[in-house]
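Visitor: Let me give you the structure first, and then I'll get to my questions.
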Amino acid sequence: ILFFLVQIFKVIVMATKKVIAICQSGGHFVTNKDGTLAYKDGVAYVIDIDHDTSLSGFTSEFAERFGLSGEAMTTMSLKYFLPKNKKTLITISKDKDFKRMLSFSADAPDVEIFVLPKEPDTRIVSNMPASRSSTTTASEAAVVPVVSAGDVVMGDDDDFHIDMEIMPDESSPLPENFVLSDEKQHVRPAQQWENTITGVDQRFNSFTEFRDALHKFSIAHVFTYKYKKNDSHRVSVKCKAQGCPWRITASRLSTTQLICIKKMNPRHTCERAVVKAGYRATKGWVGSLIKEKLKAFPDYKPKDIAEDIKREYGIPLNYSQAWRAKEIAREQLQGSYKEAYSQLPFLCDKIKETNPGSVATLMTKEDSSFHRLFISFYASISGFRQGCRPLLFLDSAVLNSKYQGVMLVATAPDAEDGVFPVAFAVVDSETEENWVWFLENLKSALSDSRRITFVADFQNGLKNALPLVFGNEHHHAYCLRHLAEKLNTDLKAQFSHEARRFMLNDFYAAAYATRPDGYYRCLENIKNISPDAYTWVIESEPHHWANALFEGERYNHMNSTFGLDFYGWVSEAHELPITQMIDELRAKLMQSIYTRQVQSREWVAAALTPANEEKLQKEVELARPLQVSGPHNSLFEVHGESINVVDINQCDCDCKLWRLTGLPCSHAIAVIQCSEKSPYEYCSRYFTLESYRLTYAESVHPVPKDMMMTTTTEGVVVSVTPPPTRRTPGRPKSKQVEPIDMIKRQLQCSNCKGLGHNKKTCKATSEV
């Protein structure tokens, strides 16, 4: 009796207990060293389920959360892991499977459920996105063994029975050959099309629907056909094989809009051999097949597409055919790349309408083709003016979209040295003319009277463009990374790997040296290695990049590649149509500003932001043992490991760290505390919590999605066409930022010690 009471109690608890379902999609599985599977990337949502939850209700909520249509869900399957077993995925195909999952998870607080594309063979345990099933089990390409005696089998019968003697307990993992065989063999999609054409009197809503059914029918029955007549009144088709009697004719049913099959000879006498893929599967047709899967898995690769189409429909595709089909599917999902350009005038108007004070400037060429686009949101303009240092980083990012292009970007550091996008532009290429146009628009948008320091490359026209637009009211700090790369390239043929490594180390040391004596000492080291390298450094205009000589304030930021976060946004959106790419960047900026607004509200009331407060406290600790001698006017001597002179009125120390960072150095803090003042009074205002909040005081507002209008606010019809440039063949190059000290080792001959060749190809050896 006690046993049965316990069992009843367990049933009651199971019926009332809620389980948290962690639903995941869009990622992929990887196999760990111990053979277990781990799910990486993707997105996740949490749904509460219990024994009253039905599979259909759960699927509906799941599809709504992930933005999947009902049609998309039919191509997906739900899977989960049994407790204590991360090697076997179990499929949920009906309500009974769903209840079993809840029973297995009764003692667990949650259960992970994965949505994956359906696989045609149920004997493969894992169903992975695209064609990655080979990586989903502990052993690659492993086939799950057939269920044998002693294994747990859950069939399709009405009784749910588990032999408790063979079920593993909670402490022991399930055996690797544990398989649930409740799924019937999947039917290959092509086989499901065998009856899309049934015969005479079959009706269709349109000729398009009939042609689509005919196409599927021919694929399922492996034959090709040709049209004898194909117009808006009648479609007549015959088998393409010579002498084969198969025929079909369909026409409009009188007094209706329906299409009806009037004649059909279903007999084939041909061998119906497999034909060329291009005939059976056009890029548009394949695109329609993969559209929903591409929506769920944006990284669906052409190689995987080709494998899936071959496996599911028996149609071979090469890489280029699969790639073109993916482009068609992407265009069906995201809209036309060409039409997006015609929507740009409306987009610019809507940006200025929904975000007053923003700048959105579009330029076209004489033939109305796209030329340049400049965008700067008011939240960025106001944030830079009110809270940011007069410091801007200029850089570019290549757009690997259908019509190519380059994005020019201006970013600024906030008080926490976070990336704050100020403006960006889409142009055809990185030239001096385009940089001048971008800088003119930037100057007009900001209308900032402060003397701005630009950290930027000195190539691609920027060296001339900056003084042309800003005159002498700016400082141009050369990007140290670009400069080092040019030094390494120019000297590559003359010196060995080790010699160049020493020269580059001395070059960086010269750039970061805070005092002239340290700078000149590093230059002497370079001169000892090579007078030519020394001459190169001297001619590279050190007053534009060396800390000891630079007159502007760049707060120790040496590289223009500061805005890596923004480049990450660009890399995620650059393949979208241009209007969607702009809106995606707007959405990212809106989310970033909102996140930092919320973050700053949580910080306790303090003078400085957390990162700067931490830096200041480190300097306070370093200042404790320092001794300060009597002042001479505003000059103080500070004694420690060395003797430093601090000018308290000029906010300067001869170590130069105060001027470089904007925060008092330890020597200055010793003087400040000796004067019974607060170090916070001598910190740059750009590092305060108030400045941080001013930077993110304004918000970016959404822009309407109805971009189908092509008229400006003046009511003039504007027709903008795509630029003439098209994407070049081959894999696009991505913008990669490698460690600044990375130097590729150059080949050196062991015979003549020359560079660029080895002993086998040495000319000196061959001459001997």
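Visitor: Scan the range 641-652 for residues that are assigned to a loop (DSSP other than H, G, I, E, B) and among the β-branched types (Val, Ile, Thr) and jot them down.
Guide: Hit for the range 641-652 is ILE648, nothing else.
Visitor: Output yes when any residue across the range 408-431 is touching a His at 6+ places or on another chain (Cβ under 9 Å), β-branched (Val, Ile, Thr) and either farther than 19 Å from ARG693 by Cβ or in a loop (DSSP other than H, G, I, E, B) (or both), and no when none is.
Guide: Yes.
Visitor: I've got another one for you. Of all the helices (runs of 4 or more DSSP H) wholly in the range 259-367, which have at least 3 residues that are open to solvent by 20 Å² or more (accessible area, probe 1.4 Å)?
Guide: Per the criteria, 283-296, 302-313, 319-334, 337-342, 344-354.
Visitor: Shifting gears a bit: I'd like the residue in the range 446-473 that is in contact with a helix residue (DSSP H, G or I) (Cβ under 7 Å, 6 or more places away or on another chain) and small (Gly, Ala, Ser) and, out of all such residues, is farthest from THR431 (Cα to Cα).
Guide: Only one residue tops the list, namely ALA456.
Visitor: Mind listing whichever residues of the range 470-501 are among the aromatic types (Phe, Trp, Tyr) and within 18 Å of LEU549 (Cβ to Cβ)?
Guide: Once the filter is applied, which keeps residues that are among the aromatic types (Phe, Trp, Tyr) and within 18 Å of LEU549 (Cβ to Cβ), the range 470-501 yields only TYR478.
Visitor: List, please: which pairs have Cβ atoms under 6 Å, are six or more places apart or on different chains, and start with a residue in the range 206-228 that is in a loop (DSSP other than H, G, I, E, B) and open to solvent by 50 Å² or more (accessible area, probe 1.4 Å) and end with one that is of a type in the set (Ser, Thr, Tyr) and modelled with pLDDT of 85 or more?
Guide: Listed by first residue and then by second, the contacts come to nothing, as the list is empty.
Visitor: Return yes or no: is TYR534 over 29 Å from ALA360 (Cβ atoms) and either open to solvent by 30 Å² or more (accessible area, probe 1.4 Å) or touching a residue at least 40 places away in the same chain (Cβ under 8 Å) (or both)?
Guide: yes
Visitor: For the range 234-245, state whether one or more residues are farther than 20 Å from GLY314 by Cβ and touching a helix residue (DSSP H, G or I) at 6+ places or on another chain (Cβ under 7 Å).
Guide: yes
Visitor: With respect to ARG596, is the statement that it is of a type in the set (Lys, Arg) and without any contact (Cβ under 8 Å) to a residue 60 or more places away in the chain true?
Guide: no
Visitor: Scan the range 490-534 for residues that are closer than 23 Å to THR661 by Cα and among the hydrophobic types (A, V, I, L, M, F, W, C) and jot them down.
Guide: Residues satisfying the conditions are PHE507, ALA509, ALA510, ALA511, ALA513, CYS522.
Visitor: Return only the number of the condition from (1) closer than 21 Å to ARG554 by Cα; (2) open to solvent by 20 Å² or more (accessible area, probe 1.4 Å) that ILE452 does not satisfy.
Guide: Result: ILE452 fails condition (2) only.
Visitor: Please specify each residue of the range 518-534 satisfying the condition of being of a type in the set (Asp, Glu) and either modelled with pLDDT of 90 or more or not in a helix (DSSP H, G or I) (or both).
Guide: Within the range 518-534, GLU524 is the sole residue that qualifies.
Visitor: In the range 55-105, which residues are in contact with a Cys (Cβ under 8 Å, 6 or more places away or on another chain) and open to solvent by 10 Å² or more (accessible area, probe 1.4 Å)?
Guide: Residues satisfying the conditions are ARG65, PHE66.
Visitor: Here's another thing I want to ask about it. Determine, yes or no, whether ALA38 is surrounded by fewer than 17 Cβ atoms within 10 Å (Cβ to Cβ), closer than 22 Å to ASN85 by Cα and either modelled with pLDDT of 75 or more or of a type in the set (Lys, Arg) (or both).
Guide: Yes; evaluated as a whole, the condition is true for this residue.
Visitor: Restricting to the range 550-577, and then to whatever is open to solvent by 10 Å² or more (accessible area, probe 1.4 Å) and in contact with a Cys (Cβ under 9 Å, 6 or more places away or on another chain), can you tell me which residue is farthest from GLY418 (Cα to Cα)?
Guide: Selected residue: ASN559.
Visitor: Show the residue pairs meeting these rules: Cβ distance below 7 Å; 6+ apart or different chains; first residue within the range 628-640 and part of a strand (DSSP E or B); second residue open to solvent by 60 Å² or more (accessible area, probe 1.4 Å) and of a type in the set (S, T, N, Q).
Guide: Note: pairs meeting the criteria are HIS639/GLN627.
Visitor: What number of residues within the range 482-517 are surrounded by fewer than 16 Cβ atoms within 10 Å (Cβ to Cβ), at pLDDT below 85, in a helix (DSSP H, G or I) and not charged (D, E, K, R)?
Guide: Count: 3.
Visitor: Now for a separate question. Filter the range 535-569 for residues that are among the aromatic types (Phe, Trp, Tyr) and at pLDDT below 90; which is nearest to GLY662 (Cα to Cα)?
Guide: Of everything passing the filter in the range 535-569, PHE562 is nearest to GLY662 (Cα to Cα).
Visitor: I'd like to check something: does the range 595-602 contain any residue that is open to solvent by less than 30 Å² (accessible area, probe 1.4 Å), among the hydroxyl-bearing types (Ser, Thr, Tyr) and either more than 30 Å from ILE328 (Cβ to Cβ) or at pLDDT below 90 (or both)?
Guide: Yes.
Visitor: Taking VAL436 and the conditions (1) open to solvent by 10 Å² or more (accessible area, probe 1.4 Å); (2) within 28 Å of TYR696 (Cβ to Cβ); (3) at pLDDT 95 or above, which numbered condition does it fall short on, given that it satisfies the others?
Guide: (2)
Visitor: In the range 621-636, is there at least one residue being of a type in the set (Lys, Arg), touching a Phe, Trp or Tyr at 6+ places or on another chain (Cβ under 8 Å) and at negative phi?
Guide: No; the residues of the range 621-636 include none that is of a type in the set (Lys, Arg), touching a Phe, Trp or Tyr at 6+ places or on another chain (Cβ under 8 Å) and at negative phi.
The values are calculated or read from the model by the stated rules, or taken from the named source; none is laboratory data. In this text, all values refer to a predicted model and were calculated from it rather than measured experimentally. Neighbour counts are summed over all protein chains in view; Cβ atoms, including those assigned to glycine, are modelled from backbone coordinates with ideal geometry. The protein model used for the area step is the full one, side chains on, heavy atoms only, and it has no ligands, DNA or RNA in it. Shrake-Rupley method; radii C 1.70, N 1.55, O 1.52, S 1.80 Å.
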